[in-house]
Amino acid sequence: MAPSTQQVFIDGTFADLAQELAEYLNIGAEIQPLLEENKKDDALKRLVTASTALNSSPEKEFTAAYNLLVYLVIQSPQVNIFLPRICENLSRPITSSPVNGPGLALSVLTTVFNLLQPDNEVRFNVFQAILRLVKSSGLFEMLRPQLKKLDNWLVEWDVDEEDQRKLFGMIADTAEDAGEEEQSYQYILKALRTFNKASADEISSTEAQDLSLRALKIALLSNTHFDFHDLTSLPTIQALEKSHEVYWELLEIFSEKELEDYNDFRDEHEGFVEEQGLSNSKLHRKMRLLTLASVAASTNSRELDYKRIAKALQIPSEDVEMWVIDVIRAGLVEGKLSQQKQVFLVHRTTYRVFGEKQWREVATRLDQWKESLRAVKEVISRERQAAETQKEREAHEVERKVAGASGMGAGRRIGGRDNMVEMGTD
C-alpha cells in the first residue's frame, strides 16, 4: 500500500462516468433515469450490486473498470455503505484471470485504502479484505512492509481491543500459512496483550487460553526461541497454571530448569508430549542447549570441563564439542574450545532467569573480583615502594660519589702554593 493520497485522474462528470460504467455492466437502462433525477446514491447502489460481474471482466479491463467504480463511490457521502460490498467482491476469485487475479484485486483494494482519509474507520474493513486476499493467495511479501505502519493505523481508526485481537489473529494466521513462524508468533503475542489483565474472567476465557497454548507450542518447537520471559510475563499465560497445569509445568522447565527435569517430566507425564502434537526430539535438543547455557552461566572459573558438560547433557564425551558449537550458534553462549585442556572457555553467557540464586552468584563473582583487585593493588603498591626505595638508593649512591670526588680535589689543594718548597740558586 502506497502512501495515502486522494488524487485520481479520471475525466468526466459523475453522470457521464456512471452511465459509462452502467453500459459496461449492461444496466444502462436502469441507471439513466436515476441519473436524470440526480439520485446519485440510488445509482451507485445499483452499480455496486451489479459490480460482481467485474470479477469476470477481461484482465486488461479489470483494473480500469474497478477503479472507475471506486472513484464514483468515493464521491458519495455514503461511501462507507458501498465500500464493504466492493471489498467483499474483490475478496472473491477473479474468474477471468486465475493466475494474475489476486494481484489485480490487491491493486484495486490498495487504491481503495489509499483514497480514504487516514482516520476513516472503513480503512479497517478494507485492510481486513486485503488480509483475506493475501492469505488466500499467499502474497504475504506484499503485506510485510505495511505491518510496520499498523500500530499507527489502529490508533487513527480507534479500533477497540476485541477488533484488534481479531485483526492480529488474522495476521498471525496469514503469516503461519506463508511459513513465517516468527511473524505469526509475534502477532499472537500482540493478540494476547489485548486481553484485560485486570479481568480474571477475560484472561482465563477459552479464547485467551487457546491463544496462549498456541503461542506456547510455537515457542517450544521453535529452533530459535530460547527466552521464554515474553510468555511468562503475560497474565493470560500465567493463567495456564490453573487451567492447564501440565503445560505450565513444561513452560517452567524450559524457562529455568535443565535436562534432568525434562526427563523427569516425561516419566511423570508419559505420552503427553506426543498426544499434544509436540516433538520430543525437538524439545529434547532444545533442553540440552538450554542446559548447557545454564551450566556455563553458573560456573565461577569460566572453564567448563568436557566431563561436566557430558554429564549435564547426558551425552558421550566425544559429542561435547558438537553441542558446544551448537549452543554458540544459537547465541546462548560465547567462548572457545580448548581440545588440549579438554575444557570450554566461557567468554559470555546469558542467564535464562535472574532470581535469588543468580544474585548470589553475582555477589560471589563480585567478591572474587574485589579480591583480585585487592591483590593487584597490593602488587602495584609493593612494586611502587620497591621502585621508590631503589630510586632513593640510587640518589644516595650519586650523592656519595659526588662527595668522594669533592674530597679528592680538596686534598690536592693542601699542597698548594703556600706550602710549596721553592728551589732555586743564588
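The values are calculated or read from the model by the stated rules, or taken from the named source; none is laboratory data. Just so it is clear, the model here is predicted, and its values are computed rather than measured. We place every Cβ from the backbone using ideal geometry, glycine too, and count neighbours over all the protein chains shown. Please note that ligands, DNA and RNA were not included when accessible areas were found on the heavy atoms of the full protein model with its side chains. Shrake-Rupley method; radii C 1.70, N 1.55, O 1.52, S 1.80 Å.
How much accessible area per residue does the chain have, in Å², with a 1.4 Å probe? Walk me through the numbers before you get to the answer.
Values: 24860 Å² over 426 residues.
Normalised by residue count, the accessible surface of the chain is 58 Å².
For region 9-59, the set of GluC sites (Glu not before Pro) satisfying both a DSSP loop assignment and a count of at most 15 other C-beta atoms within 10 Å is given as Glu37. With R₀ fixed at 30 Å, the C-beta to C-beta distance from Glu141 to Glu161 puts the FRET efficiency at about 0.55.
The distance separating the Cα centre of region 249-281 from that of region 182-220 comes to 21 Å.
Scan region 191-228 for chymotrypsin sites (Phe, Trp or Tyr not before Pro) in coil per DSSP, keeping those whose Cβ has at most 14 other Cβ atoms within 10 Å, and list them by number. Mind dumping the intermediate values first?
Details: sites: Phe195, Phe226, Phe228; in loops: Phe195, Phe226, Phe228.
Counting only loop positions with at most 14 other Cβ atoms within 10 Å, none of the chymotrypsin sites (Phe, Trp or Tyr not before Pro) in region 191-228 qualifies.
Local charge sum around Gln128 (other residues, Cβ-Cβ under 15 Å, Lys/Arg +1, Asp/Glu -1)? Please list the in-between numbers first.
Values: positive: Arg85, Arg92, Arg123, Arg132, Lys135, Arg165, Lys166; negative: Glu88, Glu121, Asp160, Glu162, Asp163, Asp173.
Here the charged neighbours net out to +1.
Working from Cα pairs under 8 Å separated by at least six residues, relative contact order for region 299-349 is 40 percent. Only helices enter this figure: runs of n ≥ 4 DSSP H residues, each worth -39500 (n - 2.57), summed and divided by the residues of the chain, yield -21000 deg cm²/dmol at 222 nm to the nearest 500. For Thr95, the solvent-accessible surface computed with a 1.4 Å probe is close to 100 Å², ligands and nucleic acids excluded. Dipole size of region 21-145 about its Cα centre, with +1 on Lys/Arg Cβ and -1 on Asp/Glu Cβ: approximately 400 debye, rounded to the nearest 20.
For the chain, with all protein chains in place and a probe radius of 1.4 Å, 49% of the accessible heavy-atom surface sits on carbon or sulfur.
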